[in-house]
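Structure below; questions to follow.
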């Protein structure tokens, strides 16, 4: 099956800094990628839909200026958490389509 | 807006036995997709099975099958001959029939399945 990778798999950053998470579709082209956030023992919550060559569509309540999404190519979407705070600590998962999920990135903000 | 409800936070099954996980959903649409995903301790989301609402026949994938009751808006997952590797969080999910940005997944809260010897 198709493979989606995420980098890094885990990251620790200091409060106030920014961190970028990459989501790559390794063997197929994805015009649409999705970014999810998962708190411990909770479900996946869609943050935004990333569209190649156009602006991302954010879900209600997600700050687009804080969670910057770029989908510059058919195989790469990036999520940048700007001015991170401890409450942004979470597990971030991307998917290319509905079948192919990345392994996730654990973000810890200290 | 669509909602997906999983009323069983945790379930347990003995190895080789059968277990059914429940899922109900709410929608005003007539065409849509339903999914069951598995999230093992590795956190990697894995698609287990998918059902198109316009199909009356219940989907099956080896030991996994669903009981899709469209009128009741119910979509349960049956795991037969349970194996230790089935232990995971299971999420039910809904997706509209639309394409593009509207075709997002709505997940339920999940059911943690334990498999005992």
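How many nm is it between the label spots at residue A:31 and residue A:70, if each spot is 7 Å from the Cα in line with the beta carbon?
2.3 nm
May I pose another question? Would you calculate the separation in nanometres between label points at residue B:54 and residue B:97, each defined as 7 Å from the Cα along the Cα-to-beta-carbon direction?
The answer from the label model is 0.5 nm.
Still on this model: Given N residues in chain A, what is Rg(Cα) / (2.2 N^0.38 Å)?
That works out to 0.98 for chain A.
While we're looking at this one, here's another question. Among A:62, A:19, A:81, determine the one that fluctuates most according to a GNM of chain A built with springs between C-alpha atoms less than 10 Å apart.
A:62
I'd like to know how segment B:73-113 sits against the 2.2 N^0.38 Å rule of thumb: what's its Cα Rg over that expected value?
After normalising by residue count via 2.2 N^0.38 Å, the value is 1.48.
Using only the Cα atoms of chain B, each taken as one equal point scatterer with no solvent, compute I(q) by the Debye sum, divide by I(0), and report log10 of the ratio at q = 0.17 Å⁻¹.
Each listed q corresponds, in turn, to -0.79.
Just want to confirm a number: the relative contact order over chain B, from Cα pairs under 8 angstrom separated by 6+ residues, in percent.
Relative contact order comes out at 37 percent.
Then there is this: Could you tell me the convex hull volume per residue, in Å³, taken over the Cα atoms of the protein assembly as shown?
Normalising the Cα hull of the protein assembly as shown by residue number yields 122 Å³.
Taken together, the values in this text are just the output of simple stated rules run on the coordinates, not laboratory data. Because the structure is a prediction, the values reported are computed rather than measured. All Cβ positions, glycine included, derive from the backbone under ideal geometry; neighbour counts span all protein chains shown.
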